[in-house]
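The values are calculated or read from the model by the stated rules, or taken from the named source; none is laboratory data. Everything numeric here is computed off the predicted structure, so don't read it as measured data. So basically every Cβ, Gly included, is an ideal-geometry build from the backbone, and we count neighbours across all protein chains shown. With ligands, DNA and RNA removed, areas are computed over all heavy atoms of the protein, side chains included. Shrake-Rupley method; radii C 1.70, N 1.55, O 1.52, S 1.80 Å.
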Amino acid sequence: DAGVTQSPTHLIKTRGQQVTLRCSPKSGHDTVSWYQQALGQGPQFIFQYYEEEERQRGNFPDRFSGHQFPNYSSELNVNALLLGDSALYLCASSLDREAYEQYFGPGTRLTVT
Amino acid sequence: AQRVTQPEKLLSVFKGAPVELKCNYSYSGSPELFWYVQYSRQRLQLLLRHISRESIKGFTADLNKGETSFHLKKPFAQEEDSAMYYCALKKAAGNKLTFGGGTRVLVKP
């Protein structure tokens, strides 16, 4: 089991563009959470998906949206990119909504120019 | 809203010396507290959680509800302990994690 995988590893976008990041959870996990980690800061919760629905959401604008597929993989979409969206985006999976341990992926480094 | 504060950005200690990473939180309910660690070129991973009350890699952490703290301690630091450490809080319901800003630990030989 490769654990949580994310793609792409890094990408560069221009202000105003849209981006889609992808995440495959650890085998057997059904819950996916997304975090944004700005340089020098801790990860910040964006939202969580369970049973293909958004269950919890952090303080992020509607420009951030997501999706979970029947195979539990997930996408994070960001529209109208701003310079401030430049960050490392982490995906974490867990067994169910009440699981205490989240398994993190390596992250996708997004740079907005 | 819950908040986690790690006052030290960097802790530099010599091998064999004790190390303590501070973590303070604010939350009105009963939280679950965790320490996550990220070693160089590795992904973020769980180190320990307060509920288990166990020692992992020589590290322990005690939840002090009176002082709303969850400090991480190790009596004798090793070079392999050099890493980024994040304190995190989870509400009893759900599994959204609220992270602190992180503390970089550097253990010098």
Whole-Hz Karplus couplings 3J(HN,Hα) for the stretch A:22-28, θ = phi - 60° and coefficients 6.51, -1.76, 1.60, Gly and Pro as x, run 10, 9, 10, x, 4, 3, x
Kindly sort A:K13, B:K57 by accessible area of their heavy atoms, largest first, with the probe set to 1.4 Å. B:K57, A:K13
Under-5 Å amide H pairs with A:K13, H placed in peptide plane, nonlocal only: A:T111, A:V112, A:T113
Here the averaged projected area of chain B, based on the convex hull of its alpha-carbon atoms and given in nm², is 6.6
In Å, what Kirkwood hydrodynamic radius results for chain A from the alpha-carbon pair distances? 13.9
Average silhouette area of the protein assembly as shown, convex hull of alpha-carbon atoms, in square nanometres: 12.2
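Within 10 Å of each Cβ in A:53-64, how many Cβ atoms from other chains are there, averaged over the peptide?
If you average over the peptide's residues, the count of other-chain Cβ atoms is 1.
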Hey, rough spin-label estimate for A:R109 and B:L11, points 7 angstrom out along Cα→Cβ, what's it come to in nanometres? 2.7
Mean accessible area per residue over the stretch B:33-109 (1.4 angstrom probe, all protein chains present, square angstrom) is 47
Starting from the Cα of B:K65, step 7 Å along the direction of its Cβ; do the same at A:R63; then give the gap between the two resulting points in nm. 4.2
What's the average, rounded to a whole number, of partner chain beta-carbon atoms within 10 Å of each residue's beta-carbon in B:73-84? 0
Ignoring any ligand, DNA or RNA, what whole percent of the accessible area of the protein assembly as shown comes from carbon and sulfur when the probe is 1.4 angstrom? 48
Past the 18 Å Cα-Cα mark, which pairs from B:K15/B:K74; B:K65/B:K91; B:K9/B:K57; B:K22/B:K74; B:K22/B:K73? B:K9/B:K57
Run the numbers on the stretch A:28-45: which residues show a drop of 20 Å² or more in accessible area, chain on its own versus all protein chains together, using a 1.4 Å probe over heavy atoms? A:Y35, A:Q37, A:G40, A:G42, A:P43, A:F45
